[in-house]
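Working notes for the structure below.
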Amino acid sequence: MKTLFATTAILCLALPLAACNNEANGVRISAEKTAPAPVVARPRSEPIFYNGKTYQLDFAPTGAGVFAMAVGGMSAKQEKDAVAVATSSLRYFACPEGKTGKLTNKPAYAGGAWKMQARCA
């Protein structure tokens, strides 16, 4: 008798839930991936906090997916840090999801700033 009651209770609860149809409610669940939206890049000047200090990052698109970048506030000995700031900032501000910033030329220190070119790859 207990088994019959339990079975009946489960069926009474399950039937209303089974009647729910996502399509009928206007909800469609899809596992399809859509392409990421294209990134619209424009010139930017941003303060960047890195390793406890704030540096100035300037970058602008130069065409063909290449960006002119300058990292100010670092010394001539901080090439590695300047590259890290530039490439990670490019990835954050301008690269589509799944892409990263890559240098296209060797960085040069001039006028108190590291200057380089990079692209999303």
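The values are calculated or read from the model by the stated rules, or taken from the named source; none is laboratory data. Everything quoted here is computed from the prediction, not taken from an experiment. When we count neighbours, we look across all protein chains shown, and the Cβ atoms used for this are built from the backbone with ideal geometry, even at glycine.
Summary table below
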{"read-out": "Residue check, F67 surrounded by 14 or more Cβ atoms within 10 Å (Cβ to Cβ), in contact with an Asp or Glu (Cβ under 9 Å, 6 or more places away or on another chain) and without any contact (Cβ under 8 Å) to a residue 60 or more places away in the chain", "value": "no"}
{"read-out": "Residues of region 92-108 that turn out to be closer than 18 Å to Q56 by Cβ, out of contact with any helix residue (DSSP H, G or I) (no Cβ under 7 Å at 6 or more places or on another chain) and not small (G, A, S), as a count", "value": "2"}
{"read-out": "Subset of region 104-120 [buried (at least 18 other Cβ atoms within 10 Å of the Cβ) and aromatic (F, W, Y)]", "value": "W114"}
{"read-out": "Enumeration of residues in region 56-66 that are touching a Lys or Arg at 6+ places or on another chain (Cβ under 7 Å) and part of a strand (DSSP E or B)", "value": "F59, V66"}
{"read-out": "Residues of region 80-103 satisfying the condition of being surrounded by fewer than 16 Cβ atoms within 10 Å (Cβ to Cβ), at pLDDT below 95 and not in a helix (DSSP H, G or I)", "value": "P96, E97, G98, K99, T100"}
{"read-out": "A41 more than 18 Å from L103 (Cβ to Cβ), at pLDDT below 90 and not hydroxyl-bearing (S, T, Y)", "value": "no"}
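Residue-by-condition table, conditions (1) within 18 Å of A86 (Cα to Cα); (2) surrounded by fewer than 10 Cβ atoms within 10 Å (Cβ to Cβ); (3) polar (S, T, N, Q); (4) at pLDDT 90 or above:
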| residue | (1), (2), (3), (4) |
| --- | --- |
| G26 | no, yes, no, no |
| I29 | no, yes, no, no |
| S45 | yes, no, yes, yes |
| Y55 | yes, no, no, yes |
| F59 | yes, no, no, yes |
| T62 | yes, no, yes, yes |
| S75 | yes, no, yes, yes |
